[in-house]
Amino acid sequence: MGKYVELTAATFEDTVKEGVTLVDFWAPWCGPCRMIAPVIEELAEDYEGKATIAKVNTDEEQDIAVKFGIRSIPTVMIFKNGEVVDQMIGAASKQAFEEKINAHL
């Protein structure tokens with residue numbers, strides 16, 4: 001069963017450096033973040049073996065949030081081989097996330 005990866009400053013670079021990775025920047029107090037959480041979990045299952053689905057708790061990992069200029073959450077970034085190739089701010093549908101991921105696979 002696919003599960004998303006919780007990223008920290010220690011694991012971030014290694015996780016996004018190869019292949020396609022969706023990173024959900026979120027925080028526990030953020031309503032829209034909680035709204036898309038089940039979608040992120042579904043994506044982790046759907047894309048197991050094809051793309052990495054990950055989350056960054058911006059309260060706990062402020063350095064990562066600052067590095068990528070995260071100003072509002074949820075922000076979802078798509079990385080390909082370590083480079084940011086796409087970004088979405090705010091809650092979106094599962095289909096919208098799938099289209100972004102599929103465009104870079």
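The figures follow:
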| quantity | calculated |
| --- | --- |
| Residue list for the range 1-33, filter: out of contact with any strand residue (DSSP E or B) (no Cβ under 8 Å at 6 or more places or on another chain) and either within 18 Å of M88 (Cα to Cα) or in contact (Cβ under 8 Å) with a residue 60 or more places away in the chain (or both) | E13, K17, E18, C30, G31, P32 |
| Search result, residues across the range 50-79 that are basic (K, R) and over 12 Å from the mean Cα position of the chain (by Cα) | K50, K67, R71 |
| Among the candidates I64, I78, I40, residue that is out of contact with any Asp or Glu (no Cβ under 7 Å at 6 or more places or on another chain), surrounded by 15 or more Cβ atoms within 10 Å (Cβ to Cβ) and among the β-branched types (V, I, T) | I64 |
| Selected residue [in contact with a Ser or Thr (Cβ under 9 Å, 6 or more places away or on another chain) and assigned to a strand (DSSP E or B)] from V76, V23 | V23 |
| Evaluation of V66 against (1) in contact (Cβ under 8 Å) with a residue 12 or more places away in the chain; (2) over 18 Å from A103 (Cα atoms); (3) hydrophobic (A, V, I, L, M, F, W, C) (one fails), failing number | (1) |
| Any hit, the range 41-53, residues being more than 16 Å from L105 (Cβ to Cβ), without any contact (Cβ under 8 Å) to a residue 60 or more places away in the chain and hydrophobic (A, V, I, L, M, F, W, C) | no |
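Coordinate-derived values only; no laboratory data. If you're wondering where the values come from, they're calculated on a predicted model, not measured in any experiment. Neighbour counts run over all protein chains shown; Cβ positions are idealised from the backbone, glycine included.
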